[in-house]
Structure formats: structure tokens, C-alpha cells
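Taken together, the values in this text are just the output of simple stated rules run on the coordinates, not laboratory data. This structure is a prediction, so every number in the text was calculated from the model and none was measured. We place every Cβ from the backbone using ideal geometry, glycine too, and count neighbours over all the protein chains shown.
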Ligand SMILES: [Fe+2]
Ligand SMILES: [Fe+2]
């Protein structure tokens, strides 16, 4: 992926073509909110089918729609994937379903149980269970694998490994928070670590959870990491990103052990 992308596009309004494999393209259609936690939304356009990865907030729905319309008709959108239930990740599913009630919502059962609550009046949607359907083959033949990433950060989180492009849509894993932002990471990776730390130390459960996620990539080659916040990590930094997670101390790693003695007031 070319770093020219950062200057070639007007990020305030454009749909950004990240990867072009002919019939299979990946776009960024996210938001450039001035808040430090801005959301990345990705679109896979596969022949005449569109799949949105982490559709974002309701307040940002119109912005996403404007960007998608630049590259395909909205009617192509047939699938919305939800990494987990957080409003910054998934609340705009309500708007997508209003536009087209036939859109399939792809999520883990744990996430499905929670995102149902975004719907009013007990309305239902076409649900695709990632545990029962661990892979999805798109029209072009490109295969997506749904890889559970429990407690990274949500219990039911699922990332997507795109076998065709070796891209990992990681949700909140490798998310970064910063006022300054570039869509494609250019800076020294060590500077980026500071921005990732802000997020990971508070939101990611533990090093054990991180390592249980990483083991999935022993035999899967990753050349791009596309997180839900912060910059996209390209090939030159993927190894460093994996090492960051392997050695990460976060969440309950900072809890102290409470002895039985301290809890002796409980029988
Ligand atoms: Fe989240
Ligand atoms: Fe998030």
C-alpha cells in the first residue's frame, strides 16, 4: 500500500482506495472527526457486492454514505460486519437496515445478543453467525476468515482475515488514539506505540488475551493491519505490531493480587 494515499486524497470527503485487486477492492470510508478517537470504516467492494466492516456511529452515517456513493450505488451494500457491539463500531447498523432491511448483519453470537438492542420495536434483521460460518467466500472467489478475538477488547470480538489481500481487519486491536492522525502510518513505529498505549492499556483485557489472539497468525501471513481507530499499519511495520502485542502489558495485568487474608472478611 502506497503512502501517497495520505496526500493523494482529500480525507475530509473522499472514499479512499486502499487495495485494488480488480474485482475485489478495499476502501476506507471512515470519519475525520477532530476527536482523538475517530473511527475507521472499511468497505469491501467485490464485483457488485459491498460489505461494510464496522459501520460506525449513527451521527456519522451520512458521511459514510456520501463516501460510498462515490464508488458504487448504495444498493450494492448487502452485508454489514460488526466486530463487537460498541456504538462507535456498530450503532449505524440501524440506519443501514432502514435503507435496506435485507442487509445481512455478520457478528459473533455474543455480539448479536447485544446489538439486537439497537433495534426498535423488536424489529429483526438477517443475522449471519460467525461461529457457524467461520469463512465467507465472496463473488470474486476472495475468502474472508472470521477469527474470534475474545476480550480484545469485547468478549465476542471477531477480527477478519482477508486471505485474498492478506489484510487483517482488527477492530480495536492495534487501535490508536491521537489528535494528529495519518490514515497510513508513516511515522516511526516507536512514536505510534505511545498512541496505541493510550488505548490498549485501558481497553484490552490482558497479555494472555493478546497472546491467544496472536497464535492465530502462526501460519497466516499478514501484510496490512486495518484497525478501527488510528492509522493503518503497512507491511514494513507488521512484525513490530505483532511484537508490540506479544509483549503488551494492559488491562488486568495491572491488577494486584488480593490475598485470601485480605479477603478474610468474606467467609
Ligand atoms: Fe470497542
Ligand atoms: Fe472502537
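Here residue 126 meets the list (1) under 24 Å from residue 50 (Cβ atoms); (2) within 16 Å of ligand 2 (Cβ to nearest atom) almost entirely, failing just condition (2). Within segment 34-46, the set of residues being in contact with a strand residue (DSSP E or B) (Cβ under 8 Å, 6 or more places away or on another chain) and away from ligand 1 (no atom under 15 Å from the Cβ) comprises 42, 43, 44, 45, 46.
Out of the residues in segment 214-234 that are loosely packed, with under 13 Cβ neighbours inside 10 Å and more than 22 Å from residue 153 (Cα to Cα), which is farthest from ligand 2 (Cβ to nearest atom)? Checking each candidate, the answer is 219.
Considering every residue within segment 173-183, establish whether at least one is exposed (fewer than 13 other Cβ atoms within 10 Å of the Cβ) and within 23 Å of residue 1 (Cα to Cα). Yes: one or more hits.
Residues in segment 33-68 that are more than 16 Å from the chain's Cα centre (by Cα), closer than 24 Å to residue 179 by Cα and assigned to a loop (DSSP other than H, G, I, E, B): 33, 34, 35, 36.
Residues in segment 161-177 that are under 19 Å from residue 36 (Cβ atoms) and either assigned to a loop (DSSP other than H, G, I, E, B) or more than 14 Å from ligand 1 (Cβ to nearest atom) (or both): 172, 173, 174, 175, 176, 177.
Looking at 101, 109, just one residue is closer than 26 Å to residue 204 by Cα, more than 16 Å from ligand 2 (Cβ to nearest atom) and surrounded by fewer than 18 Cβ atoms within 10 Å (Cβ to Cβ), and that residue is 109. Summed over segment 121-139, the residues that are assigned to a loop (DSSP other than H, G, I, E, B) and surrounded by fewer than 17 Cβ atoms within 10 Å (Cβ to Cβ) give a count of 9.
Restricting the search to segment 243-267, which residues are surrounded by 15 or more Cβ atoms within 10 Å (Cβ to Cβ) and either under 11 Å from residue 185 (Cβ atoms) or touching a helix residue (DSSP H, G or I) at 6+ places or on another chain (Cβ under 7 Å) (or both)? Outline the logic, then answer.
The first filter runs over segment 243-267 and keeps only residues surrounded by 15 or more Cβ atoms within 10 Å (Cβ to Cβ), leaving 244-245, 248, 250-251, 253.
Matches in segment 243-267: 244, 245, 248, 250, 253.
Restricting attention to segment 69-111, and to residues there that are part of a helix (DSSP H, G or I) and within 16 Å of ligand 1 (Cβ to nearest atom), which single residue is nearest to the chain's Cα centre (by Cα)? Before the answer, list the steps.
In the first step, residues of segment 69-111 are kept if they are part of a helix (DSSP H, G or I); the result is 69, 74-76, 87-90, 93-99, 109-111.
When the remaining residues are screened for being within 16 Å of ligand 1 (Cβ to nearest atom), the result is 87-90, 93, 110-111.
On the way: 87: 13, 88: 11, 89: 8, 90: 10, 93: 15, 110: 16, 111: 14 Å.
Among those residues, the one meeting the criterion is 89.
Counting only residues that are within 12 Å of ligand 1 (Cβ to nearest atom) and surrounded by fewer than 22 Cβ atoms within 10 Å (Cβ to Cβ), segment 140-160 holds 2 of them.
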